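Peer 1: Take a look at the following structure, please.
The values are calculated or read from the model by the stated rules, or taken from the named source; none is laboratory data. Everything numeric in this text was worked out from a predicted model, so none of it was measured. We place every Cβ from the backbone using ideal geometry, glycine too, and count neighbours over all the protein chains shown. Just the protein is used for accessible areas: all its heavy atoms, side chains included, with ligands, DNA and RNA removed. Shrake-Rupley method; radii C 1.70, N 1.55, O 1.52, S 1.80 Å.
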Amino acid sequence: MVIERHWKKWVYFYIPLTLFIIGTLFPFYWMLITAVRPDAELYRSWRAVNNTPFWTLQPTLAHVQDLLARTTFPRWLWNTFFIAIVSTGISLACGLLAGYALARLRFPMAGLLGTSIFVTYLVPPTLLFIPLADIVRNFHLGNTPWALILTYPTFLIPFCTWLLMGYFKTIPKELEECARIDGASRFGAMVRIIFPIAVPGILSAGIFAFTLSWNEFIYALIFLSSPERKTVPVGVVSELIRGDIYFWGQLMAGALLGSVPVAFIYSFFVEHYVAGLTGSVKG
Amino acid sequence: MALLRPRDVQQPVLARLLDNERALAAVLLAPAVLILAVFIAYPFVMGVWLSLSSTSVGNPGRFVGLQNFLKAWNDSIFQTTFQNTFVYTFWATIFKLALGMWLALLLNRHFRGKRFVRAAMLLPFIIPTVLSTFAWRWMFDPTFSVLNWLLYRTGLIVTKLPFLSDGTWALWCAIVVNTWRGMPFFAITLLAGLQTINPDLQEAASLDGANAWQRFWHVTWPLLKPVTIVVVVFSIIQTFSDFQLIYVLTGGGPANSTHLLATYAYQIGVATGLLGEGAAISLFMFPVLLAVVWIQLRYLRRLEGA
Amino acid sequence: MAQVVLKDLNKKFDEVHVVKDVNLHVRDKEFLVLVGPSGCGKSTTLRMVAGLEEITSGEIHIGDRLVNDLPPKDRDIAMVFQNYALYPHMTVYDNMAFGLKMRKFPKAEIETRVKETATLLGIQDLLKRKPRQLSGGQRQRVAVGRAIVRHPQVFLFDEPLSNLDAKLRVQMRVELKRLHDRLETTAIYVTHDQVEAMTLGDRVVVMKDGLVHQVGEPLEVYSKPRNKFVAGFIGSPAMNFIDTTISDAGGLYAETTGMRVKVPADRVSRLAPYKGKTVTLGIRPEDLREAAGSDPHDLVFEALVEVVEPLGSEILLDTTVGTHTVVARVDPTVRAKHHQKIRLAFIPHRIHFFDNRTEEAIV
């Protein structure tokens, strides 16, 4: 490696990296500290002499208790989880099959179809939410989890297809050719040989799709109306703000609890998530 | 020589069908294509129709031509919104790229706890935007802002800054939050790109007498360009069509000064119920997205050709 | 056990015609090698036999069945791939058992067969390992084992030795040959390595640009190449080609700057029509030797030594004669130094002549 002087390493490496870490993580610390500070400390004037915003001597769980007492927060968590799991499952299944076909099979218009799926990958949800709301209404799906379970795949399927197609292309095609000679049909070779080998790719796509679903906001905001049917992001926005009044303690408690499951899952699959992330932009 | 017919004519029809390459492709693609057709292609067509009609909630509406587009174009809030969307996208992308590149270069070095730091750096990207934006909104709170407190205590300001109560300030706050959220995506993908660059090249360049900046500019950057372009395109699309961040941080306020196309379309189309006009406003995104996608496709083609 | 017949076989990828009217008859129990430079269509031909590529036109028969429309699994063949294609998520045992399981063999029988085959190949201790825990040579054996465990009618080999290092390649070559002698199963083997082709094949098929150039036993192809391509492709170092003019001066001579060779008597009648024209003279490096005083002067020429490559058992001399480069493979006792002249003699009945336009051998 290129040799550096000691002070240079501090100026060019340690200090910037520390600033990055602080900048990135501070909002989460802020969430945490707000969620456990009593209201009296939260709403203290910014110039007050006794203001100590970065810590508290009287941590409290009152906000969490309020959150659970006044809202159906556990229900939101369950809704979010259920919708994310089912839509991820559907998208993975579709993406696996479509990705395999695009990566391996020769058929007319393969190029065109691949391009169209890539283009839909780039269509943002906010372009189509108004007509989609109409369609959801026409299908009588409004205010049911199915409204989201069926619409989330619009952005998850292209992503899963794209990612898995890339993964399949890295698997030598001789493996399935050999399986077909060994006695498997095309379909059998795909299911018995290629899918098991693609498990890391499937995990990556699944984790990434799960976080995308958990994160989704605009469809959930528009398609769901009853408080007990909402997902965490929508519930927090619509049920914890009364008029112009923000209940910051509860809001931050909700934000924190709503983040924990996805962060928890992420922590177990960091490498897969990163592979999904970097794979998502590969050509 | 006796030519026997293939012995497997009696095989189940389905099995025979699935062994045909084209039939299998059709079967495998059907579910994905069906869902995408129903929930993307059809809404798109319907969106175009809505944008050309006077439909509102409870009123089927009739064909009005380009009236919705013209109305929006002459609306001063829309003009601000349109401009905001470009300003927001441009600066947020620049910041994300610059900081993301810097962070990627830092993370590309060897140090203790690297895996942990890398994992932690991705948190803003993992945590639902709505939830983390609430934390920012609370940090920007007009009365209780911790940032004001911090700046005041360090003696940098004497009076509080109008983070979200002034239109210009608010838009820049949104750009900051967007940068904070999207920067890890840049950093991690660029880092993955960096890791594919052979470290020998760096050493060779430094033997040739290149300093750190020259090494970056003449060796690293050209090799990183393909990844960078793709990441930037993705980011532009996401930023240009952003909704949740503005919705939570400013709600388009103060006085409709920080709307983006998506939030304004929501306000007109969903909150006010003018579906036709709302659809028209979101379709204003389309040409820009189309251009970006087109560039992306062309670029991918060129890569494949090379 | 079965013969394989290819009739007027053609393959086009879009507009590219990669296999052109190939007709082959692989006899029962024969070891047939398809050899040629990359892109000659040999692999595509093999893959059509396997059922991995659709046939554009023509027929393929395995045994007495027309298999054109049969999926690979129903052709009763086994194939060994260049990259071995071992299923990475299965153990060696499962890899070998896969084909039998797919054909619903009883468990006990599968076990017997796998163990038997593993012992035959000396991999019985590796059965519980995953492919990534194996060395290149071991993987190769497993791939072969997976093919033979099924007792198929035909073995297909697609460059199976190319990924091995030189030493292992020679060793595996011998083993494959022994295995074939023992199993007596029809085999079609694709390679770009002419040494492999010569040593393994009962017969060799030389292909180029989708066309079959010659089919024959290895020594026949070597000693009687049908055209210039086959002559140059088979044999190492490659045959020397020298453009010569046929002249008549009381007998036919092939002449070029610095060389004047008497046309052997048995070739005179065929070469007579070429009088005054240019033909290509071909001579293998091993068919040249250092001239002795007793050699007739019209079989001897003088060459300038450029490079001397002593290989121990022989010496390769890179020489120039006029504007031509001529490689000679001479006895290790020959004392040649570079930049010196040496007198070389032809072995007359090993001289080849090729028509300059058609490149066909003149025999």
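Peer 1: Take A:Glu216 and tell me if it is more than 14 Å from chain C (Cβ to nearest Cβ) and crowded, with 23+ Cβ neighbours inside 10 Å.
Peer 2: yes
Peer 1: Kindly indicate the residue of segment A:106-121 that is within 8 Å of chain B (Cβ to nearest Cβ) and touching a residue at least 12 places away in the same chain (Cβ under 8 Å) and also farthest from B:Val292 (Cα to Cα) among those meeting that condition.
Peer 2: Among those that are within 8 Å of chain B (Cβ to nearest Cβ) and touching a residue at least 12 places away in the same chain (Cβ under 8 Å), it is A:Ile117.
Peer 1: Are any residues in segment A:121-138 in a helix (DSSP H, G or I), over 12 Å from B:Val45 (Cα atoms) and of a type outside the set (A, V, I, L, M), and if so, which ones?
Peer 2: Answer for segment A:121-138, where residues must be in a helix (DSSP H, G or I), over 12 Å from B:Val45 (Cα atoms) and of a type outside the set (A, V, I, L, M): A:Tyr121, A:Pro125, A:Thr126, A:Phe129, A:Asp134, A:Arg137, A:Asn138.
Peer 1: Can you confirm whether segment C:17-35 contains a residue that is out of contact with any Asp or Glu (no Cβ under 7 Å at 6 or more places or on another chain) and at pLDDT below 90?
Peer 2: No, the conditions are met nowhere in segment C:17-35.
Peer 1: Kindly indicate whether any position in segment B:175-183 is open to solvent by less than 10 Å² (accessible area, probe 1.4 Å) and facing chain A (nearest Cβ under 7 Å).
Peer 2: No: zero hits.
Peer 1: Quick one: count up the residues across segment A:30-69 that are in a loop (DSSP other than H, G, I, E, B), within 11 Å of A:Gly249 (Cα to Cα) and hydrophobic (A, V, I, L, M, F, W, C).
Peer 2: Qualifying residue count, segment A:30-69: 1.
Peer 1: Within the set of pairs 6+ apart or on separate chains, which have a first residue in segment B:71-90 that is at positive phi, a second that is open to solvent by less than 50 Å² (accessible area, probe 1.4 Å) and of a type in the set (Gly, Ala, Ser), and C-beta atoms under 7 Å apart?
Peer 2: none
Peer 1: Please state which of the following conditions C:Phe98 fails to meet, knowing it meets all the rest: (1) within 25 Å of A:Ser185 (Cβ to Cβ); (2) open to solvent by 10 Å² or more (accessible area, probe 1.4 Å).
Peer 2: Against the list (1) within 25 Å of A:Ser185 (Cβ to Cβ); (2) open to solvent by 10 Å² or more (accessible area, probe 1.4 Å), C:Phe98 comes up short only on (2).
Peer 1: Another question, if that's okay. Out of the residues in segment A:122-132 meeting the condition of being open to solvent by less than 20 Å² (accessible area, probe 1.4 Å) and touching a residue at least 40 places away in the same chain (Cβ under 8 Å), tell me which one is farthest from B:Pro60 (Cα to Cα).
Peer 2: A:Thr126
Peer 1: Right, next: Among the residues of segment B:62-77, are any more than 30 Å from A:Ser267 (Cα to Cα), within 13 Å of another protein chain (Cβ to nearest Cβ) and open to solvent by less than 50 Å² (accessible area, probe 1.4 Å)?
Peer 2: Yes, segment B:62-77 has at least one match.
Peer 1: Same structure, new question: Only one of these is at pLDDT 90 or above, open to solvent by 20 Å² or more (accessible area, probe 1.4 Å) and aromatic (Phe, Trp, Tyr): B:Trp138, B:Trp102. Name it.
Peer 2: Checking each option against the conditions leaves just B:Trp102.
Peer 1: Is one or more of the residues making up segment C:53-63 part of a strand (DSSP E or B), surrounded by fewer than 19 Cβ atoms within 10 Å (Cβ to Cβ) and among the hydroxyl-bearing types (Ser, Thr, Tyr)?
Peer 2: yes
Peer 1: Further question on the same structure: Taking segment A:63-94 on its own, how many of its residues are surrounded by fewer than 17 Cβ atoms within 10 Å (Cβ to Cβ) and aliphatic (A, V, I, L, M)?
Peer 2: The total comes to 4.
Peer 1: Kindly indicate the residue of segment B:163-189 that is touching a Ser or Thr at 6+ places or on another chain (Cβ under 9 Å) and assigned to a loop (DSSP other than H, G, I, E, B) and also farthest from A:Thr278 (Cα to Cα) among those meeting that condition.
Peer 2: My answer is B:Asp166.
Peer 1: What tally of residues in segment B:249-283 results from selecting those that are more than 21 Å from B:Thr55 (Cβ to Cβ), over 17 Å from the mean Cα position of the chain (by Cα) and open to solvent by less than 10 Å² (accessible area, probe 1.4 Å)?
Peer 2: Of the residues in segment B:249-283, 3 are more than 21 Å from B:Thr55 (Cβ to Cβ), over 17 Å from the mean Cα position of the chain (by Cα) and open to solvent by less than 10 Å² (accessible area, probe 1.4 Å).
Peer 1: What are the residues in segment C:151-163 that are open to solvent by 10 Å² or more (accessible area, probe 1.4 Å) and out of contact with any Ser or Thr (no Cβ under 9 Å at 6 or more places or on another chain), if any?
Peer 2: Residue satisfying the conditions is C:Asn163 alone.
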